[in-house]
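Single-structure report; data block below.
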Amino acid sequence: MTISPTIREQVPLADLTTIGLGGTARYLASCTTPDDCRVALEFAREHSLPLMVLGGGSNVIFSDEGYPGLILRMEIPGLDFAESSRMCQVTVGAGENWDDVVTACVARGLGGIECLAGIPGTAGATPIQNVGAYGQEVKDTLDSVNVIERISGKELRLSNTDCKFGYRSSRFKGEDAGRYIVTSVVFRLEQDGHPRIRYPELKDAMTRGDFDSSLTSGEPALNQVRKAVLRIRRSKSMVIDQDDPNCRSVGSFFTNPLLDPAQFDAVRQRWVASGRTETIPAYPSPGGIKIPAAWLVESAGFPKGTRRGKVGISEKHALALVNRGATSSELLAFAEEILAGVEKTFGVRLSIEPLIVSHHNEETRP
Ligand SMILES: Cc1cc2nc3c(=O)[nH]c(=O)nc-3n(C[C@H](O)[C@H](O)[C@H](O)COP(=O)(O)OP(=O)(O)OC[C@H]3O[C@@H](n4cnc5c(N)ncnc54)[C@H](O)[C@@H]3O)c2cc1C
């Protein structure tokens, strides 16, 4: 009889993350069913170990010391389509590769997630920070999330409203961080979907028509958008490509700050007082005025391609910090230098997007 899930000891974490950093995990359980997750929870409880859920490792940085507990690697498969007249309910196992899910939905003519093509990681992680790109966010089409509550072991279904989504945030990243294991995610997508292209860069790319001829060869519109998004993302090293050293990152390291009018005014005054005349790019958004973090970083003296030893900023994207053979401490020291530089120039403390996992902030015990 095989015991499921397999629990391995002393597993190198760098190989399980896109940025390739971190020491070893004391234990790792590869979970392909909700029951596996319960066994992993029980193992952690019995051995008084901290536990953390890991998907594709594209938004996590582990410390050089590694993780002293159990990593629950989410590998639950499944992709189920239930069609009704105009909509299709798509239930996705949390361990499915997100980009494959987008490709499969687009191939069936299901609209609503085509702009989210190329985002690395698993489907189960998409609600954690309400992933978004090119004018779409998962909250726009997410119906509900199936979870196991770690403390009780109970299976619950949380509605879209229950998830408390915001810009790159949700209850899973906020007040309830570490409380739930997402086992599947349910989307409601439009049948025979028509893309709604809101994002100016994508709109330009679609109208310029300077893409492969396949984009204008009568393919369904959703797939044209998916391909255009992938093409833009590739040009910024924002898809995973083993041959591109700029991809050894967690994507955007900082989120765009949302300021109230008084805070925005203070930023502007500081900028003008320093003798600069360029207009600060600012976009009214729900929750405040959004300033692109990339602009703040570059304007504070950290242009694309900046290097500090074996870490640096991507040559193609000002928000991606790249590991060029460094340690986590070196990367985090560089991140701190950027944070301090932006704060000194603009009086704004940027927020870090990925989860930084150290011995000191291990997730809650089950
Ligand atoms: C090149 C690149 C480009 C990127 N572009 C974008 C982008 O355009 N937009 C965007 O929003 N993000 C982007 N990201 C960030 C990242 O891909 C997303 O946040 C993604 O959803 C993370 O998925 P993951 O499976 O790798 O999660 P992980 O990195 O493994 O985990 C991230 C967090 O989610 C938790 N978690 C993961 N799975 C579960 C689960 N099943 N249950 C409970 N908690 C869970 C983890 O504990 C951790 O806190 C990019 C990253 C890279 C490397």
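Derivation of every value follows stated rules applied to the coordinates shown; laboratory data play no part. Please read these numbers as outputs of a predicted model, since none were measured by experiment. When we count neighbours, we look across all protein chains shown, and the Cβ atoms used for this are built from the backbone with ideal geometry, even at glycine.
So here's what we get for this one:
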| item | result |
| --- | --- |
| Rounded to 5, percent antiparallel among DSSP beta bridges of region 7-75 | 35 percent |
| Sequence ranges 114-127, 86-99, ranked by mean other-Cβ count within 10 angstrom, highest first | 114-127, 86-99 |
| Region 79-235 - Kirkwood radius from inverse mean 1/r over Cα pairs (Å) | 16.1 Å |
| Evaluated over region 246-353, the Cα radius of gyration and Dmax, each in Å | 14.1, 42 |
| Radius of gyration and maximum dimension Dmax of region 1-141, Cα, Å | 16.8, 53 |
| Trypsin sites (Lys or Arg not before Pro) lying in DSSP loop within region 250-317, provided at most 16 other Cβ fall within 10 Å | Arg276, Lys310 |
| For region 71-120, size of Cβ-based charge dipole, Lys and Arg +1, Asp and Glu -1, in debye | 100 debye |
| For region 152-265: relative contact order, % (alpha-carbon pairs under 8 angstrom, 6 or more apart) | 13 percent |
| Gyration tensor (alpha-carbon) shape descriptor, region 252-315, a/c threshold 1.5 | oblate |
| Kirkwood hydrodynamic radius over Cα pairs of region 7-75, then Stokes diffusion coefficient at 25 °C and 0.890 mPa s, in µm²/s | 208 µm²/s |
| Cα-only Debye scattering, the chain: base-10 log of I(q)/I(0) at q = 0.07, 0.10 Å⁻¹ | -0.32, -0.67 |
| Gyration tensor verdict on region 133-192 (Cα atoms; rounded if a/c is under 1.5, prolate if a/b is larger than b/c, oblate otherwise) | oblate |
| DSSP-loop trypsin sites (Lys or Arg not before Pro) across region 113-157, with at most 10 other Cβ within 10 angstrom | Lys154 |
| Dipole magnitude of the chain about its Cα centre (Cβ charges: Lys, Arg +1; Asp, Glu -1), debye to nearest 20 | 820 debye |
| Principal axis box of region 155-277, alpha-carbon based, largest edge first, Å | 53, 52, 32 |
| Efficiency of FRET from Cβ geometry, Glu149 and Glu83, R₀ 35 Å, rounded to 0.05 | 0.70 |
| Overall form of region 77-126 per C-alpha gyration tensor (a/c, 1.5; a/b vs b/c) | oblate |
